[in-house]
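Below is one structure, written out as structure tokens, with a few remarks after it.
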Amino acid sequence: MQPDVILLLNCNDETFSTNLFLSRCTTHSIEEYERWFEPTITDKETISKIFCIDEVYPIDQLITLKLPSSPILFFNSQFINDKTINKNNIVPFLKIFSSPIVCNQLTTLLHTLRSIKSLTEQNLIRQACELGSKAFIKTMKNCKKDIKNEYLIKARFQYECEMLGDISMAFYPVVAASGRSNVIHYQKNNQSINEDDLIMLDGGCLFKQYSSDITRLWPINGRFSSVQRQLYEILLTVQKDLIKSLNSNDKLITREKINNLS
């Protein structure tokens, strides 16, 4: 697909339709793109079938699209700037709508919708978590006392994620030894590890665009000291209590309640 397409969702109380607008590509521009990247799909019928789009148009027909009376437009203004490829087509289209009924902060609404997951999404999230768990276990098993630097653990975790299939790291991980684990978003991942250090790994797998996010702590030499074990047991108890609370039938559970409980 092209990186500069426009998707328009047209809906009211009775109907819903999807319209995709593609940039006009010459034979030369398509060949140039494919030479650098990979074959791209330009056939409208194929695009419509793959992505379940009702109608596919060239970008210059955006301004001529027939709209319902008194339309309300929701869009993300942050994507309309001097670097926008199809700015010359988008700006005239936006002018069709009167400012009082234009919402340019679509992201806020989408974030609210994302809190509700379908069964399919729930299953994908579970798979992402299961894959992340496997990558963690293999990383921990293979990162013992002969590991002398944080970057080796980071490299091992990335390797274990990618060895699971078409999987990648969900985000740049935190690999912190000793007191560096107190830095929430520690990013260096390149400091020496002492033989009695605890290792904190915060990472996750990206599976079909769904991410897992896991944090675990283990002794690099394979054995907790008495103080380390005491700290570990305290945190483990908190984790179990939180999971128990989340699995309860409390319909009024909120993030604030969970945070206070922790």
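All of the numbers you see were taken from the coordinates with simple rules; none came from a lab. All figures in this text were calculated on a predicted structure; none of them were measured in a lab. Every residue, glycine among them, receives a Cβ derived from its backbone with ideal geometry; neighbour counts consider all protein chains shown.
See the values below:
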| item | result |
| --- | --- |
| Candidates 129, 143, 11: whichever shows maximal mean-square fluctuation once the chain is modelled as a Gaussian network with Cα springs under 10 Å | 11 |
| Chain lengthening between residue 42 and residue 7 when straightened (0.36 nm per residue, less Cα-Cα) | 11.1 nm |
| Karplus (6.51, -1.76, 1.60) ³J(HN,Hα), θ = phi - 60°, over region 200-217, in Hz, Gly and Pro reported as x | 10, 10, 10, x, x, 9, 9, 10, 6, 6, 10, 10, 9, 9, 10, 10, 9, 10 |
| Subset of 188/208; 117/138; 66/95 violating a 24 Å alpha-carbon distance limit | 188/208; 117/138 |
| Under the Karplus curve 6.51 cos²θ - 1.76 cosθ + 1.60, θ = phi - 60°, whole-Hz ³J(HN,Hα) for region 251-257, x wherever Gly or Pro sits | 7, 9, 5, 10, 4, 5, 5 |
| From phi via Karplus (6.51, -1.76, 1.60), per-residue ³J(HN,Hα) for region 41-46 in Hz, x at Gly/Pro | 8, 10, 6, 4, 5, 5 |
| FRET efficiency estimate (nearest 0.05) - Cβ-Cβ, residue 208 to residue 111, R0 22 angstrom | 0.65 |
| Inter-label distance for residue 146 and residue 76, nm, one decimal - labels placed 7 Å from Cα along Cα-to-Cβ | 4.6 nm |
| Of (i) 62; (ii) 71; (iii) 68, the label for percent of Cα pairs over 22 Å apart derived from the coordinates | (ii) |
| R0 of 41 Å, Cβ-Cβ distance residue 225-residue 248: FRET efficiency to nearest 0.05 | 0.70 |
| Reachable aspartates and glutamates from residue 141, criterion Cα separation under 18 angstrom, eight or more residues apart if same chain | 130, 150, 160, 162, 195, 196, 197, 202 |
| The chain: relative contact order as a whole-number percent, Cα under 8 Å and 6+ apart | 12 percent |
| Highest-first arrangement of 56-62, 221-227, where packing means the average Cβ count within 10 Å | 56-62, 221-227 |
| At q = 0.10, 0.11, 0.24 Å⁻¹, base-10 log of I(q)/I(0) for region 119-223 (Debye sum, equal scatterers on each alpha carbon) | -0.26, -0.31, -1.23 |
